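The values are calculated or read from the model by the stated rules, or taken from the named source; none is laboratory data. Note that the structure is predicted; figures quoted are calculated from it, not measured. Backbone-built Cβ (ideal geometry, glycine too); neighbour counts: all protein chains shown. To get the accessible areas, we keep the full protein, side chains included, count just its heavy atoms, and leave off ligands, DNA and RNA. Shrake-Rupley method; radii C 1.70, N 1.55, O 1.52, S 1.80 Å.
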Amino acid sequence: MNVVGSRPDGWWRDRTGAAAGLVRRLALLADTSGERITAVVDGTPDERLPDGVVDGVEVHHAGRGRDAADDRIVDLVGTSDTPATVVTADRRLAERVRARGAAVVGPTSLLARLPTPSPTTSESSASSSDDHP
(Lines give C-alpha, C1' and ligand atoms only; values in the text may rest on other atoms or scores of the structure.)
Protein backbone atom coordinates (compact mmCIF):
# COMPACT_ATOMS: atom_id res chain seq x y z
CA MET A 1 0.00 0.00 0.00
CA ASN A 2 2.92 2.35 0.54
CA VAL A 3 3.71 2.71 -3.15
CA VAL A 4 0.26 2.27 -4.69
CA GLY A 5 -1.39 4.40 -2.00
CA SER A 6 1.11 7.22 -2.31
CA ARG A 7 -0.79 8.74 -5.26
CA PRO A 8 -4.51 9.57 -5.28
CA ASP A 9 -5.12 8.12 -8.75
CA GLY A 10 -8.19 6.00 -8.02
CA TRP A 11 -6.28 2.87 -6.95
CA TRP A 12 -8.89 2.14 -4.26
CA ARG A 13 -11.50 1.30 -6.91
CA ASP A 14 -9.47 -1.74 -7.98
CA ARG A 15 -6.72 -2.59 -5.53
CA THR A 16 -5.66 -5.78 -7.31
CA GLY A 17 -5.57 -3.98 -10.66
CA ALA A 18 -3.47 -1.21 -9.15
CA ALA A 19 -1.04 -3.73 -7.66
CA ALA A 20 -0.84 -5.63 -10.96
CA GLY A 21 -0.12 -2.37 -12.78
CA LEU A 22 2.65 -1.57 -10.34
CA VAL A 23 4.13 -5.04 -10.83
CA ARG A 24 4.11 -4.49 -14.62
CA ARG A 25 6.05 -1.25 -14.15
CA LEU A 26 8.42 -2.93 -11.70
CA ALA A 27 9.02 -5.63 -14.33
CA LEU A 28 10.05 -2.97 -16.84
CA LEU A 29 12.43 -1.49 -14.27
CA ALA A 30 13.89 -4.91 -13.47
CA ASP A 31 14.35 -5.60 -17.17
CA THR A 32 16.21 -2.35 -17.83
CA SER A 33 18.19 -2.18 -14.57
CA GLY A 34 18.97 -5.85 -13.99
CA GLU A 35 17.79 -5.49 -10.39
CA ARG A 36 16.03 -8.33 -8.59
CA ILE A 37 12.65 -6.98 -7.48
CA THR A 38 10.23 -8.50 -5.00
CA ALA A 39 6.74 -7.11 -4.35
CA VAL A 40 4.75 -7.92 -1.23
CA VAL A 41 1.03 -7.44 -1.71
CA ASP A 42 -1.73 -7.43 0.90
CA GLY A 43 -4.55 -9.88 0.29
CA THR A 44 -4.68 -13.15 -1.59
CA PRO A 45 -3.54 -14.12 -5.10
CA ASP A 46 -5.92 -14.10 -8.04
CA GLU A 47 -5.66 -14.56 -11.80
CA ARG A 48 -4.55 -10.96 -12.37
CA LEU A 49 -1.78 -11.14 -9.79
CA PRO A 50 -0.75 -14.62 -8.70
CA ASP A 51 1.96 -15.55 -6.21
CA GLY A 52 5.32 -16.38 -7.74
CA VAL A 53 7.36 -14.77 -10.48
CA VAL A 54 5.24 -12.42 -12.59
CA ASP A 55 7.06 -10.91 -15.58
CA GLY A 56 10.35 -11.24 -13.71
CA VAL A 57 9.09 -9.77 -10.41
CA GLU A 58 8.79 -12.07 -7.42
CA VAL A 59 5.30 -11.52 -5.96
CA HIS A 60 4.28 -12.54 -2.44
CA HIS A 61 0.76 -12.13 -1.09
CA ALA A 62 0.69 -11.52 2.64
CA GLY A 63 -2.93 -12.44 3.27
CA ARG A 64 -5.06 -10.27 5.46
CA GLY A 65 -4.58 -8.84 8.89
CA ARG A 66 -2.93 -5.98 10.64
CA ASP A 67 0.73 -5.74 9.63
CA ALA A 68 0.59 -8.97 7.57
CA ALA A 69 2.50 -7.40 4.67
CA ASP A 70 4.96 -5.71 7.01
CA ASP A 71 5.63 -9.00 8.78
CA ARG A 72 6.15 -10.75 5.43
CA ILE A 73 8.60 -8.06 4.31
CA VAL A 74 10.57 -8.36 7.55
CA ASP A 75 10.70 -12.16 7.11
CA LEU A 76 11.93 -11.83 3.52
CA VAL A 77 14.63 -9.34 4.51
CA GLY A 78 15.70 -11.63 7.34
CA THR A 79 16.15 -14.63 5.04
CA SER A 80 17.80 -12.84 2.11
CA ASP A 81 21.43 -13.59 1.27
CA THR A 82 21.82 -10.24 -0.47
CA PRO A 83 21.39 -6.72 0.86
CA ALA A 84 17.83 -5.50 0.41
CA THR A 85 16.30 -2.10 -0.14
CA VAL A 86 12.75 -1.78 1.15
CA VAL A 87 10.39 0.83 -0.26
CA THR A 88 8.11 2.15 2.46
CA ALA A 89 6.80 5.31 4.09
CA ASP A 90 5.94 3.39 7.26
CA ARG A 91 8.35 4.40 10.04
CA ARG A 92 7.83 1.28 12.12
CA LEU A 93 8.46 -1.03 9.16
CA ALA A 94 11.54 1.03 8.24
CA GLU A 95 12.93 0.53 11.75
CA ARG A 96 12.24 -3.20 11.65
CA VAL A 97 13.97 -3.81 8.31
CA ARG A 98 16.90 -1.52 9.10
CA ALA A 99 17.46 -3.66 12.19
CA ARG A 100 17.89 -6.59 9.79
CA GLY A 101 20.35 -4.73 7.58
CA ALA A 102 18.09 -3.38 4.84
CA ALA A 103 18.26 0.08 3.34
CA VAL A 104 15.01 2.04 3.14
CA VAL A 105 13.74 4.48 0.51
CA GLY A 106 10.38 6.18 0.19
CA PRO A 107 7.73 5.50 -2.44
CA THR A 108 8.49 8.75 -4.28
CA SER A 109 12.06 7.58 -4.94
CA LEU A 110 10.82 4.35 -6.52
CA LEU A 111 8.04 6.01 -8.52
CA ALA A 112 10.56 8.44 -10.01
CA ARG A 113 12.52 5.46 -11.38
CA LEU A 114 9.57 3.60 -12.87
CA PRO A 115 8.87 3.76 -16.60
CA THR A 116 5.64 5.51 -17.51
CA PRO A 117 3.01 2.92 -18.41
CA SER A 118 1.91 2.77 -22.01
CA PRO A 119 -1.69 3.75 -22.82
CA THR A 120 -2.58 0.04 -22.97
CA THR A 121 -1.11 -0.56 -19.50
CA SER A 122 -3.69 0.65 -17.00
CA GLU A 123 -2.80 0.62 -13.31
CA SER A 124 -6.39 0.46 -12.16
CA SER A 125 -9.86 -0.06 -13.51
CA ALA A 126 -13.38 0.74 -12.39
CA SER A 127 -14.14 -2.60 -10.69
CA SER A 128 -13.54 -3.04 -6.97
CA SER A 129 -11.63 -5.57 -4.93
CA ASP A 130 -10.89 -6.22 -1.30
CA ASP A 131 -7.18 -6.86 -1.94
CA HIS A 132 -4.76 -4.27 -0.64
CA PRO A 133 -1.47 -3.90 -2.52
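A few remarks follow.
- Environment charge at Arg113 (Cβ cut-off 12 Å; Lys +1, Arg +1, Asp -1, Glu -1): 0
- Less than 5 angstrom separates the built amide H of Val59 from those of Ala39, Gly52, Val53, Val54, all sequence-distant by 5 or more or on a different chain.
- Per-residue ellipticity at 222 nm from helix content only, as computed over the chain with -39500 (n - 2.57) for each DSSP H run of at least four residues, stands at -10500 deg cm²/dmol.
- Compared with the direct C-alpha span, the chain from Asp71 to Val105 gains 10.5 nm at full extension, assuming 0.36 nm per residue.
- Three-way shape label, region 1-93, alpha-carbon gyration tensor, a/c 1.5: rounded
- Solvent-accessible surface of protein heavy atoms, probed at 1.4 angstrom with all chains present, puts Thr44, Thr85, Thr116, Thr16 in the order Thr116, Thr85, Thr44, Thr16, largest first.
- Hydrodynamic analysis of region 11-58 uses the Kirkwood radius over alpha carbon pairs. Inserted into Stokes-Einstein at 4 °C and 1.567 mPa s, it gives a translational diffusion coefficient of 118 µm²/s.
- Carbon plus sulfur fraction of accessible area for the chain, probe 1.4 Å, in percent: 49 percent
- About its Cα centre, region 1-113 has a charge dipole of approximately 400 debye under the convention of +1 per Lys or Arg Cβ and -1 per Asp or Glu Cβ, with nothing else charged.
- Net charge contributed by nearby residues that have their C-beta within less than 13 Å of Ala94 (K/R +1, D/E -1): +2
- DSSP beta bridges confined to the chain are antiparallel in about 40 percent of cases.
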